[in-house]
Amino acid sequence: MPRITSARVIVTCPGRNFVTLKIETDEGAYGIGDATLNGRELAVASYLTDHVIPCLIGRDAHRIEDIWQYLYKGAYWRRGPVTMSAIAAVDMALWDIKGKLAGMPVYQLLGGAAREGCMVYGHANGSDIAETIERAHEYLEQGYKAVRLQSGVPGLAATYGVSGERFYYEPAKGSLPDETVWSTSKYMRHVPQLFEKGRNALGWDVHLLHDVHHRLTPIEAGRLGKDLEPYRLFWLEDATPAENQAGFRLIRQHTTTPLAVGEIFNSVWDAKQLIEEQLIDYIRATVVHAGGITHLRRIAGLADLHQVRTGCHGATDLSPVSMAAALHFGLSVPNFGIQEYMRHTAETDAVFPHAYSLSNGLMHPGDKPGLGVDIDEALAAKHEYKRAYLPVNRLEDGTMWSW
Ligand code: EZ4
Ligand code: CO
């Protein structure tokens with residue numbers, strides 16, 4: 001049995017912060033897992049170092065389910081993003097080890113490929129509609145089958161999803177949170193124009209997506225979904241905050257635009273009602289924030305019973321280790337829908353050499369044993385952690401709102 005001999009947390013900032021757990025065994029194989037919780041990174045690093053790692057030493061690295069249950073039930077304090085990201089990092093690292101010892105890529109251990117590759121969507125964003133469409137064309141030229149459209153809103157100084165960079169989007173910055181200003185009415189007038197022009201320019205063969213980023217109330221989301229119906233979106237994401245799962249009933253009563261939610265979920269319990277009542281079409285929980293491959297498979301299993309498909313979050317703040325884990329999961333799960341892909345910077349890719357690749361709009365995790373991602377520790381050590389916050393958001397009268 002491969003015994004866990006050591007585990008440690010590596011914090012690095014190759015352009016942005018990442019927290020990685022590395023677990024070593026007495027059989028030589030080691031595994032890595034992502035533990036990055038954007039804007040709250042050191043809380044997870046401490047949870048792992050101060051509370052989880054001492055419990056791992058000496059355990060059988062093959063007993064993934066038992067270790068998962070030990071960390072979940074054994075903490076007494078269940079769920080929450082810090083706990084579940086820490087458990088996820090352990091889980092990913094153990095799947096990586098199991099794959100390496102078996103000489104197989106993780107997706108083979110999960111039942112093998114259920115498709116040729118995972119369809120991904122890229123982010124086209126611009127300060128106005130014309131610029132967004134121009135960037136969407138660039139994605140189509142690169143073979144993408146699906147593109148998310150976000151654009152600046154007239155009258156608002158900054159909008160979620162729009163960045164100066166061409167292919168990267170990085171909202172976390174500053175030693176204190178940036179403040180942005182939001183107007184629902186300006187936004188609601190603008191988005192249907194974005195999609196009318198987007199469809200006309202891009203045609204009907206591409207899947208189009210949009211992220212509301214938790215800004216609307218359920219009835220406003222119902223209105224927006226209805227206004228967007230003529231443009232046949234693949235999904236409308238995070239239309240309203242989802243703590244109150246029953247709130248999605250109201251959206252459903254008013255629109256057939258498909259709904260996706262879940263990038264901030266950390267457990268199947270966050271999605272239980274949404275899935276069981278078929279209030280959503282895509283569940284966006286991630287490997288890193290929702291308890292690892294082990295728990296994400298449980299969520300997908302429930303979702304499959306209710307014709308809800310997966311659509312994992314894949315922003316740049318999820319490290320290449322998470323990206324790889326998401327692709328092993330996505331390739332093997334029966335009810336895969338789509339995978340978000342915001343590519344990482346060259347600096348990040350250099351710290352995390354990886355086997356996954358993109359071709360013709362589909363991504364594949366590659367066939368290296370384990371997850372197929374490594375961490376260059378010497379290079380990682382050169383990039384020191386830098387505190388960075390996600391922005392906060394207020395209405396025009398100063399009221400705090402969801403960012
Ligand atoms: O704002 O990952 O769909 N993608 C998103 C992301 C999130 C960031 C927050 O850390 O909504 O851009
Ligand atoms: Co989102």
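The values are calculated or read from the model by the stated rules, or taken from the named source; none is laboratory data. A quick note: this is a predicted structure, and the numbers were derived from the prediction, not measured. Neighbour counts are summed over all protein chains in view; Cβ atoms, including those assigned to glycine, are modelled from backbone coordinates with ideal geometry. Remember, those area values only see protein heavy atoms, side chains included, never the ligands or the DNA or RNA. Shrake-Rupley method; radii C 1.70, N 1.55, O 1.52, S 1.80 Å.
Below are the figures for this structure:
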quantity: In nm, spacing of pseudo-spin labels at Asp376 and Met104 (7 Å Cα→C-beta vector); calculated: 3.2
quantity: Largest-first principal axis extents of the Cα set of region 185-312 (Å); calculated: 42, 29, 23
quantity: Simple Cβ-charge dipole of region 4-107, Lys/Arg +1 and Asp/Glu -1, about Cα centre, in debye nearest 20; calculated: 300
quantity: Rg and Dmax [Cα atoms of region 252-403; Å; Rg one decimal, Dmax integer]; calculated: 17.5, 55
quantity: Computed over region 109-367: relative contact order in percent, which uses C-alpha pairs under 8 Å that are six or more apart; calculated: 21
quantity: Region 79-122: trypsin sites (Lys or Arg not before Pro) in DSSP loop, at most 11 other beta carbons within 10 Å; calculated: none
quantity: Net dipole in debye of the chain [+1 Lys, Arg Cβ; -1 Asp, Glu Cβ; about Cα centre; nearest 20]; calculated: 580
quantity: Distance from region 295-360 to region 225-255 (C-alpha centre basis), Å; calculated: 23
quantity: Gyration tensor (Cα) of the chain, equivalent ellipsoid semi-axes in angstrom; calculated: 34, 22, 21
quantity: Proportion of all alpha-carbon pairs of region 4-107 beyond 15 Å (%); calculated: 59
quantity: Positive-end residue of Tyr169, Gly292, Thr345, charge dipole of the chain with Cβ unit charges; calculated: Gly292
quantity: Exposed GluC sites (Glu not before Pro) absent - longest run of the chain, DSSP non-H/G/I/E/B, at most 11 other C-beta within 10 Å; calculated: 244-383
quantity: Calculated FRET efficiency for the pair Ala114/Glu229, C-beta based, R₀ 30 Å, to 0.05; calculated: 0.45
quantity: Listed residues Ala136, Val44, Ile32: farthest to the positive end of the dipole of the chain (Cβ charges); calculated: Val44
quantity: Long-range Cα-Cα pairs in region 35-176 (distance over 24 Å), rounded percent; calculated: 57
quantity: Candidates per chymotrypsin sites (Phe, Trp or Tyr not before Pro) in region 1-101, loop by DSSP, up to 14 other Cβ within 10 Å; calculated: Tyr76, Trp77
quantity: Heavy-atom accessible surface of the chain: percent carbon and sulfur, 1.4 Å; calculated: 52
quantity: Loop-located trypsin sites (Lys or Arg not before Pro) in region 133-206, at most 15 other Cβ atoms within 10 Å (DSSP); calculated: Arg166
quantity: Sequence-distant lysines (8 or more away, or on other chains) whose Cα lies within less than 16 Å of Lys368; calculated: Lys98, Lys100
quantity: Directionally averaged shadow of region 267-355, computed from the convex hull of its alpha-carbon atoms, nm²; calculated: 5.4
quantity: Euclidean distance between Cα centres, region 1-34 to region 127-168, Å; calculated: 36
quantity: Aspartates and glutamates whose Cα lies under 13 Å from that of Lys197, excluding same-chain neighbours fewer than 8 positions away; calculated: Asp128, Glu131, Glu134
quantity: Test item: Cα-centred dipole of region 207-319, Lys/Arg +1 and Asp/Glu -1 on Cβ, debye; calculated: 200
